[in-house]
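Enquirer: Handing you a structure now.
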Amino acid sequence: MTTVAAKPVTKPVTKPATMAQALGRALRDSMAEDPSVHVLGEDVGALGGVFRVTDGLTKEFGEERCTDTPLAEAGILGTAVGMAMYGLRPVVEMQFDAFAYPAFEQLISHVARMRNRTRGAMPMPITVRVPYGGGIGGVEHHSDSSEAYYMATPGLHVVTPATVADAYGLLRASIASDDPVVFLEPKRLYWSKADWNPAAPTAVEPIGRAVVRRTGRSATLITYGPSVPVCMEAAEAARAEGWDLEVVDLRSLVPFDDETVAASVRRTGRAVVVHESGGFGGPGGEIAARITERCFHHLEAPVLRVAGFDIPYPPPMLEKHHLPGVDRILDAVARLQWEAES
Amino acid sequence: MTVMEQRGAYRPTPPPAWQPRTDPAPLLPDAEPYRVLGTDAAQKADPGLLRRLYAELVRGRRYNTQATALTKQGRLAVYPSSTGQEACEVAAAFALEERDWLFPSYRDTLAAVARGLDPVSALTLLRGDWHTGYDPREARIAPLSTPLATQLPHAVGLAHAARLKGDDVVALAMVGDGGTSEGDFHEALNFAAVWQAPVVFLVQNNGFAISVPLAKQTAAPSLAHKAVGYGMPGRLVDGNDAAAMHEVLSEAVARARAGGGPTLVEAVTYRMEAHTNADDATRYRPDAEVTAWRDHDPILLLERELTERGLLDDDLKRQAGDDAEAMAADLRGRMNQDPQLDPMDLFTHVYAEQTSQLREQAAQLRAELEVASEEAEEEAR
């Protein structure tokens with residue numbers, strides 16, 4: 001049997017693209033592939049969304065596929081439920097994190113439970129896009145991190161990308177999912193860029209797998225969404241202190257990838273969970289508990305959390321004091337040189 | 001010179017011309033609830049239809065009394081009775097074609113049964129063995145909605161989606177008077193009118209939201225008046241007049257199917273029983289009020305009309321009574337059997353594919369069940 005030499009690969013023409021563009025491309029590709037995919041929300045049409053994520057969709061697919069709705073989030077999500085009941089695959093936009101709160105009843109009482117309520121007869125293939133988190137100088141109600149509320153609701157998947165490629169891959173997977181997905185878009189990263197081949201964007205990423213963004217031996221930083229680049233920066237800075245940090249990007253909060261997280265912590269023996277939302281009752285507490293249950297005998301120190309303060313999201317001129325930054329992460333890493341109190 | 005100083009010479013520019021978006025007059029409901037039975041309009045009603053409505057009302061009343069009895073026997077966790085409101089329930093079911101969809105609230109099991117749903121499947125939610133006992137797509141009946149008015153936007157979305165797909169499907173959504181205060185009621189009406197979705201909203205104004213009377217619920221002239229603000233017609237109907245209900249709902253369904261958009265129908269009726277078996281209605285309403293409504297019973301009204309026109313023969317009466325008794329006996333017999341439950345079903349339908357977290361919890365429950373069954377075997381020995 002002869003081995004056929006691999007065809008020389010033409011170097012893809014890449015150019016920098018933003019996360020917002022990658023998300024838009026994921027919507028476009030999903031709509032082109034599947035006529036049952038419908039986008040709806042306030043301002044998604046002519047304006048292209050306040051962050052321009054839905055730019056051009058109405059032009060390409062018509063107002064019936066990308067629809068400007070009345071300004072009413074419960075109505076937007078509630079009608080999406082009915083559309084899903086009739087076999088469509090709605091993707092709804094909530095514009096800003098705190099604007100999603102009026103739609104909570106629809107999300108929790110119907111979207112999350114319909115499959116269960118009907119013994120699987122009526123799945124809810126709805127993607128709820130929620131731009132979330134701070135760091136963009138937004139006024140009140142424009143910077144909340146509400147992931148803990150969504151995580152606490154059985155029946156929902158909760159997904160959040162941190163890279164341009166994942167933004168594309170995870171949104172494609174979310175829209176294709178037969179279950180409802182709360183797709184949290186870190187708006188601070190909307191304008192982050194990466195090289196990207198517009199002809200063949202990237203792979204569709206399965207929901208539920210964490211990824212090790214940076215390998216290291218001294219400790220693991222476990223994080224997601226807007227805090228991923230901060231942790232990467234902290235890991236670089238920690239090298240000067242002699243710390244070799246591993247960074248795990250969760251990408252999916254529900255389902256939670258226990259395996260990747262536990263494997264990493266067993267290697268390093270130390271862990272810090274980093275996120276913007278408040279620590280009390282927040283995702284970090286759940287993650288720390290899961291790590292402790294699985295890795296207790298491998299741990300050299302307690303699992304620490306670096307989170308936002310337990311305050312309503314602060315006004316923009318003070319948000320830099322609230323958001324977990326490199327220094328706060330490094331302080332926590334220093335505390336991992338833990339000695340038992342006698 | 002400032003604007004104030006040149007005030008004498010100042011002539012304000014008129015604003016751009018304003019026009020009302022729609023003429024409100026044709027949207028306004030009648031001053032009185034629309035009636036057919038006992039009026040000249042009844043002469044035009046199809047005798048066959050009146051007889052079918054009568055048989056279904058009798059069956060519906062029997063269904064209500066049987067379900068209430070099952071509650072007293074502990075076979076149902078709860079039953080919100082629609083006794084006195086059977087004309088609304090039956091007319092809602094009769095107004096729809098097979099391809100249409102019904103969106104009932106928790107009090108509307110009878111509408112689902114009148115539409116042809118198996119009475120036991122309609123009661124699983126209230127018995128407590130599973131939340132929805134039927135496949136909504138097969139029955140074209142949405143799950144009974146416990147939260148108030150949240151099923152109304154679903155009806156709008158479904159009707160909208162059907163129209164986008166080119167199907168002439170209509171959705172009929174039911175809600176009580178209390179539900180009209182909820183935000184989802186308003187959002188649903190607004191979306192439906194803006195999208196001209198083929199939806200009919202049926203408000204059963206039965207006087208009370210548990211114990212709160214309509215006067216404390218709304219300051220509107222009528223609930224049907226609420227339609228005008230959204231740009232859809234509002235119809236006020238005697239909810240105990242089965243012929244009037246059937247006519248108005250059928251018209252609204254036909255209008256929606258023809259692309260005429262949504263209609264809001266307020267059926268003025270009365271809840272003869274308490275909110276549920278857990279409620280004590282004597283605390284908030286006088287007996288005299290209930291008695292007055294007894295004379296306006298939906299079955300009585302139709303019976304009088306049929307008798308007057310010589311349409312109520314002994315055959316019809318006996319047939320309707322026998323059918324109702326047979327249904328009740330079947331329901332009783334099947335509801336008195338303990339449902340077969342599999343606890344592992346708890347984890348089966350949360351996600352399309354179980355998460356590793358749920359797989360772990362399912363394994364835990366399976367182990368607990370095995371221990372329990374071993375212990376039971378031990379005890380039996």
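Enquirer: For chain B, which whole percent of the accessible surface, found with a 1.4 angstrom probe, sits on carbon and sulfur atoms?
Expert: Heavy-atom surface of chain B belonging to carbon and sulfur, 1.4 Å probe: 51 percent.
Enquirer: Another question, then. Provide the FRET efficiency to the nearest 0.05 for the residue B:277-residue A:13 pair, computing r from the beta carbons and using R0 = 60 Å.
Expert: Computed FRET efficiency for residue B:277 and residue A:13: 0.25.
Enquirer: Could you run the Karplus curve 6.51 cos²θ - 1.76 cosθ + 1.60 with θ = phi - 60° over region B:247-262 and give me ³J(HN,Hα) per residue in whole Hz, x for Gly and Pro?
Expert: Residue by residue, region B:247-262 yields 5, 5, 5, 5, 4, 5, 5, 5, 4, 4, 5, 7, x, x, x, x Hz.
Enquirer: Farthest toward the dipole's positive end in region B:119-201, which of B:192, B:174, B:164, given Cβ charges of +1 (Lys, Arg) and -1 (Asp, Glu) about the Cα centre?
Expert: Farthest towards the positive end: B:164.
Enquirer: About the Cα centre of region A:15-196, how large is the charge dipole given +1 on each Lys and Arg Cβ and -1 on each Asp and Glu Cβ? Please answer in debye to the nearest 20.
Expert: Taking the Cα centre of region A:15-196 as origin, the dipole is about 380 debye.
Enquirer: Take the Cβ-Cβ distance between residue B:218 and residue A:211 as r, set R0 to 45 Å, and report the resulting FRET efficiency rounded to the nearest 0.05.
Expert: According to the calculation, E is roughly 0.25.
Enquirer: Region B:97-162: which GluC sites (Glu not before Pro) are DSSP loop and have at most 15 other beta-carbon atoms within 10 angstrom?
Expert: B:97, B:98
Enquirer: Take peptide A:118-127, look around each residue's Cβ out to 10 angstrom, count Cβ atoms belonging to other protein chains, and average those counts.
Expert: Across A:118-127, the average partner-chain Cβ count within 10 Å equals 5.
Enquirer: So what is the calculated 222 nm ellipticity per residue for chain B, using -39500 (n - 2.57) for each DSSP H run with n of 4 or more, over all residues, to the nearest 500 deg cm²/dmol?
Expert: -14000 deg cm²/dmol
Enquirer: Calculate the dipole size of the protein assembly as shown relative to its Cα centre from +1 charges on Lys and Arg beta carbons and -1 charges on Asp and Glu beta carbons; express the result in debye to the nearest 20.
Expert: About 1740 debye.
Enquirer: Between residue B:366 and residue A:309, with labels modelled 7 Å along Cα→Cβ, what's the label distance in nm to one decimal, could you check?
Expert: Result: 4.9 nm between the two label points.
Enquirer: Suppose the chain between residue A:320 and residue A:293 were pulled fully straight at 0.36 nm per residue; how much longer would it get relative to their current alpha carbon spacing?
Expert: That pair, residue A:320 and residue A:293, stretches by 6.4 nm at full extension.
Enquirer: OK, next. Rounded to the nearest 0.05, what FRET efficiency do residue B:353 and residue B:210 have when you use their Cβ-Cβ distance and R0 = 45 Å?
Expert: About 0.65, to the nearest 0.05.
Enquirer: Going down the table (A:193/B:165; A:193/A:320; B:216/B:317; A:59/B:165; A:187/B:226), which pairs top 30 Å between alpha carbons?
Expert: A:193/B:165; B:216/B:317; A:187/B:226
Enquirer: What nm distance separates the two modelled labels at residue A:46 and residue A:239, each placed 7 Å from Cα along Cα→Cβ?
Expert: Label-label distance for residue A:46 and residue A:239, simple model: 5.2 nm.
Enquirer: Over the whole of B:342-353, what's the average partner chain Cβ count within 10 Å per residue? Rounded to a whole number, please.
Expert: Per-residue shielding by partner chains comes out at 5.
Enquirer: Would you mind working out the accessible area per residue for chain B, using a 1.4 Å probe, and quoting it in Å²?
Expert: Using a 1.4 Å probe on heavy atoms only, each residue of chain B averages 47 Å².
Enquirer: Another one. Looking at region A:271-325, which chymotrypsin sites (Phe, Trp or Tyr not before Pro) are in a loop (DSSP not H, G, I, E or B) and have at most 15 other Cβ atoms within 10 Å?
Expert: A:280, A:309
Enquirer: When DSSP beta bridges are limited to those with both residues in region A:15-196, what percentage is antiparallel, rounded to the nearest 5?
Expert: Beta bridges within region A:15-196, antiparallel portion: roughly 15 percent.
Enquirer: Follow-up. When DSSP beta bridges are limited to those with both residues in the protein assembly as shown, what percentage is antiparallel, rounded to the nearest 5?
Expert: Restricted to the protein assembly as shown, the bridges split so that about 15 percent are antiparallel.
Enquirer: In addition: By DSSP, what percent of the beta bridges with both residues in chain A are antiparallel, rounded to the nearest 5?
Expert: In chain A, DSSP labels about 20 percent of beta bridges as antiparallel.
Enquirer: Comparing B:307, B:355, B:291, which has the greatest mean-square fluctuation in the GNM of chain B with Cα pairs linked when under 10 Å apart?
Expert: Ranking B:307, B:355, B:291 by mean-square fluctuation puts B:355 first.
Enquirer: Give me the percent relative contact order of chain B, please, defined on Cα pairs under 8 angstrom at least 6 residues apart.
Expert: 22
Enquirer: In nm, to one decimal, how far is the residue B:378 label point from the residue B:285 one, both placed 7 Å along Cα→Cβ?
Expert: Using points 7 Å along Cα→Cβ, the separation is 5.5 nm.
Enquirer: Which value, in debye to the nearest 20, describes the size of the charge dipole of chain B about its Cα centre when Lys and Arg Cβ atoms bear +1, Asp and Glu Cβ atoms bear -1, and nothing else is charged?
Expert: For this selection, approximately 1460 debye.
Enquirer: So what's the back-of-envelope 222 nm ellipticity for chain A, counting only DSSP H runs of four-plus at -39500 (n - 2.57) apiece and dividing by all residues, rounded to 500?
Expert: Rounded to the nearest 500, the figure is -9000 deg cm²/dmol.
Enquirer: Further question: Could you give the C-alpha radius of gyration of the protein assembly as shown expressed as a fraction of 2.2 N^0.38 Å, taking N as the number of residues it contains?
Expert: Dividing the Cα radius of gyration by 2.2 N^0.38 Å gives 1.13.
Enquirer: Sticking with this structure for a sec: I'd like to compare B:367-380, A:84-97, B:292-305, A:218-231: which one has the highest average count of other Cβ atoms within 10 Å, and what's the full order after that?
Expert: Taking the mean over residues of other Cβ atoms within 10 Å, the ranking is A:218-231, A:84-97, B:292-305, B:367-380.
Enquirer: For residue B:158, what is the net charge nearby, where nearby means another residue's Cβ is under 11 Å from its Cβ and Lys, Arg count +1, Asp, Glu -1?
Expert: That sum, taken over residues with Cβ under 11 Å, equals +2.
Enquirer: Can you tell me the Rg and Dmax of chain A, counting just the alpha carbons, in angstroms?
Expert: Final numbers for Rg and Dmax: 20.7, 70 Å.
Enquirer: Rule-of-thumb check for region B:1-159: C-alpha Rg over 2.2 N^0.38 Å?
Expert: 1.67
Enquirer: On to the next question. What does the highest-first list of A:48-61, B:261-274 look like by mean Cβ count within 10 Å?
Expert: B:261-274, A:48-61
Enquirer: Once each part is reduced to its C-alpha centroid, what is the distance from region B:309-355 to region A:152-194 in angstrom?
Expert: Rounded to whole Å, the Cα centres lie 44 Å apart.
Enquirer: Would you kindly derive the ³J(HN,Hα) couplings of region A:283-297 from the backbone phi angles with the Karplus curve 6.51 cos²θ - 1.76 cosθ + 1.60 (θ = phi - 60°), listing them in order in whole Hz, with x for Gly and Pro?
Expert: My calculation for region A:283-297 gives x, x, x, 5, 5, 4, 5, 5, 5, 4, 5, 9, 10, 3, 6 Hz in order.
Enquirer: List the trypsin sites (Lys or Arg not before Pro) in region B:18-121 that DSSP assigns to loop (not H, G, I, E or B) and whose Cβ has at most 10 other Cβ atoms within 10 Å. Which are they?
Expert: Sparse-neighbourhood loop trypsin sites (Lys or Arg not before Pro): B:21.
Enquirer: What's the average, rounded to a whole number, of partner chain beta-carbon atoms within 10 Å of each residue's beta-carbon in B:188-198?
Expert: Per-residue shielding by partner chains comes out at 3.
The values are calculated or read from the model by the stated rules, or taken from the named source; none is laboratory data. Values in this document were obtained by computation on a predicted structure and should not be read as measured data. As a convention, Cβ positions derive from the backbone with ideal geometry for all residues, glycine included, and neighbour counts pool all protein chains shown. Please note that ligands, DNA and RNA were not included when accessible areas were found on the heavy atoms of the full protein model with its side chains. Shrake-Rupley method; radii C 1.70, N 1.55, O 1.52, S 1.80 Å.
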